Each structure stands twice: as structure tokens, then as C-alpha cells.
Amino acid sequence: MMPDEPVTPGEIAHALRRVRPSVYRIGEGADPTLALVMNAGPAGRRNAAAKIAGLLAEHGLTLGTGDDIAALTEDDGALPVRRSAG
């Protein structure tokens with residue numbers, strides 16, 4: 001896949017199949033998004049974010065924030081998912 005090809009919500013769901021769906025929300029649309037929606041303390045959110053960021057990276061996906069773990073942990077909003085450049 002090329003970095004400029006759009007990511008589908010199905011690709012995100014496939015990448016995160018080892019994470020309980022109650023932990024995250026995938027926003028559908030032309031530019032799919034991902035949000036961490038679990039109720040947990042900072043350490044629990046950070047652990048979940050690390051797992052999610054790692055699984056996305058394994059499948060050539062990123063949030064493109066520079067620090068996807070911090071972005072997921074600290075941001076309650078939905079972040080766009082894109083393909084990794086490399």
C-alpha cells in the first residue's frame with residue numbers, strides 16, 4: 001500500500017483485533033479516526049494507548065502525531081489514522 005492511499009475503518013479494526021472494542025472507537029468516513037474511550041486511570045490509559053499504537057504500527061498505520069501514545073492518552077478526541085510513510 002502507498003502512504004497516500006486512504007485507510008479504511010476495516011483496516012483499523014483488523015489491526016486492533018486483539019484489543020477489546022470497548023477500549024476504542026473508530027470514526028467512519030472518508031478519513032477514519034480513532035479515539036481511546038476507556039474509563040481508566042492514567043496508567044491504564046497509557047498501557048492501552050501503547051498497545052494500540054504498537055498494533056497500528058505493525059500494520060503500517062499511524063496517527064501521525066509524532067508520539068501516538070501520548071496523543072491517545074491525553075486527547076479525548078478522535079485522531080485521524082493514516083498510513084505510515086515507511
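Some observations on this one:
- When the range 46-86 is filtered for residues that are under 10 Å from the mean Cα position of the chain (by Cα) and acidic (D, E), only D68 remains.
- Among the residues making up the range 16-37, those that are open to solvent by 70 Å² or more (accessible area, probe 1.4 Å), in contact (Cβ under 8 Å) with a residue 12 or more places away in the chain and out of contact with any strand residue (DSSP E or B) (no Cβ under 7 Å at 6 or more places or on another chain) are R18, S22, E28, A30.
- Picking from residues in the range 55-86 that are among the aliphatic types (A, V, I, L, M) and in a strand (DSSP E or B), the one that is surrounded by the most Cβ atoms within 10 Å (Cβ to Cβ) is L61.
- Criterion applied to I52, I12, I26 was being of a type outside the set (D, E), in contact with a Leu (Cβ under 7 Å, 6 or more places away or on another chain) and part of a strand (DSSP E or B), and the one residue passing it is I26.
- Options A50, A13, A40; residue that is open to solvent by 30 Å² or more (accessible area, probe 1.4 Å), at pLDDT below 95 and out of contact with any Cys (no Cβ under 8 Å at 6 or more places or on another chain): A40
The values are calculated or read from the model by the stated rules, or taken from the named source; none is laboratory data. Please read these numbers as outputs of a predicted model, since none were measured by experiment. Positions of Cβ are backbone-derived with ideal geometry, glycine not excepted, and every protein chain shown enters the neighbour counts. Calculation scope for accessible area: heavy atoms of the full protein, side chains included, ligands and nucleic acids excluded. Shrake-Rupley method; radii C 1.70, N 1.55, O 1.52, S 1.80 Å.
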